1. Among the residues of the stretch 37-66, which ones are open to solvent by less than 30 Å² (accessible area, probe 1.4 Å) and either of a type in the set (V, I, T) or on the phi > 0 side of the Ramachandran plot (or both)?
2. Just name the residue that is nearest to G110 (Cα to Cα) out of those in the stretch 5-36 that are outside any helix (DSSP H, G or I) and open to solvent by 70 Å² or more (accessible area, probe 1.4 Å).
3. Give all pairs with beta carbons closer than 7 Å in which a residue from the stretch 64-93 that is closer than 11 Å to A42 by Cβ meets a residue that is aliphatic (A, V, I, L, M) and surrounded by fewer than 17 Cβ atoms within 10 Å (Cβ to Cβ); count only pairs at least 6 apart in sequence or on separate chains.
4. Limited to the stretch 91-101, what total is found for residues that are open to solvent by less than 80 Å² (accessible area, probe 1.4 Å) and of a type in the set (D, E)?
5. Give the residue, chosen from L97, L119, that is at pLDDT below 95 and over 16 Å from H4 (Cβ atoms).
6. Could you tell me which numbered condition K106 fails, if it satisfies all but one of (1) modelled with pLDDT of 95 or more; (2) out of contact with any Cys (no Cβ under 7 Å at 6 or more places or on another chain); (3) within 21 Å of P3 (Cα to Cα); (4) open to solvent by less than 80 Å² (accessible area, probe 1.4 Å)?
7. What number goes with the only condition from (1) open to solvent by less than 30 Å² (accessible area, probe 1.4 Å); (2) outside any helix (DSSP H, G or I) that F88 does not pass?
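The values are calculated or read from the model by the stated rules, or taken from the named source; none is laboratory data. Bear in mind the structure is a predicted one, so any value in this text is a computation, not a measurement. Don't worry about glycine lacking a Cβ; one is built from the backbone with ideal geometry, like all the others, and counts go over all protein chains shown. Heavy atoms of the whole protein, side chains included, go into the accessibility calculation; ligands, DNA and RNA do not. Shrake-Rupley method; radii C 1.70, N 1.55, O 1.52, S 1.80 Å.
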Amino acid sequence: MKPHKSLNCWIKSFEFVKNVYSITSDFPAEEKFGLVSQMRRAAVSIPVNIAEGAARKGKKEFVQFLHISLGSLTELDTLILLSKELGFIPDEKSVDLIIELDIIGKLIYGLIKSLERDLK
C-alpha cells in the first residue's frame, strides 16, 4: 500500500475532488476553460501533492509538498467564494464546501506540525 493512502488528509481531499467535479459540472458552459478548469486543477493539486510528498525520501521534502497542498486549498477556497458570488454555487453548498476545506486544511496543518517536530 502507498503511504499516502492511509493519511486522513489525503483520503478527505481525494473525496473532495470528486465533489468539486460534480459541482462544477453544473457551471455555465462558458466557464469550462475558466473557473471550472481552475477549480478542478486546484482541487486535484491537494491530494496529488500530499501523495507526491509522502513518496519523497525525507520529511523536509514532504513538508514542502504539504505546503503546496495548503496553497492549492487556499486558492480553491477563494474560487468557491467567487463562484458563490457569481451565482454558480448556492450559498448553503458553498458553506458546506468551505467547512470541508477547513477540515482538510487542519488535517494537513496537523501533519506538517507532526513532521516538523520529528525534524527537530
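1. I46, I50, V63, listed by residue number.
2. S25
3. Listed pairs, sorted by first residue: D77/I98; I80/I98.
4. 1
5. Step by step, each of L97, L119 is checked, and only L119 is at pLDDT below 95 and over 16 Å from H4 (Cβ atoms).
6. Here K106 meets the rest and fails (4).
7. So the condition that F88 fails would be (1).
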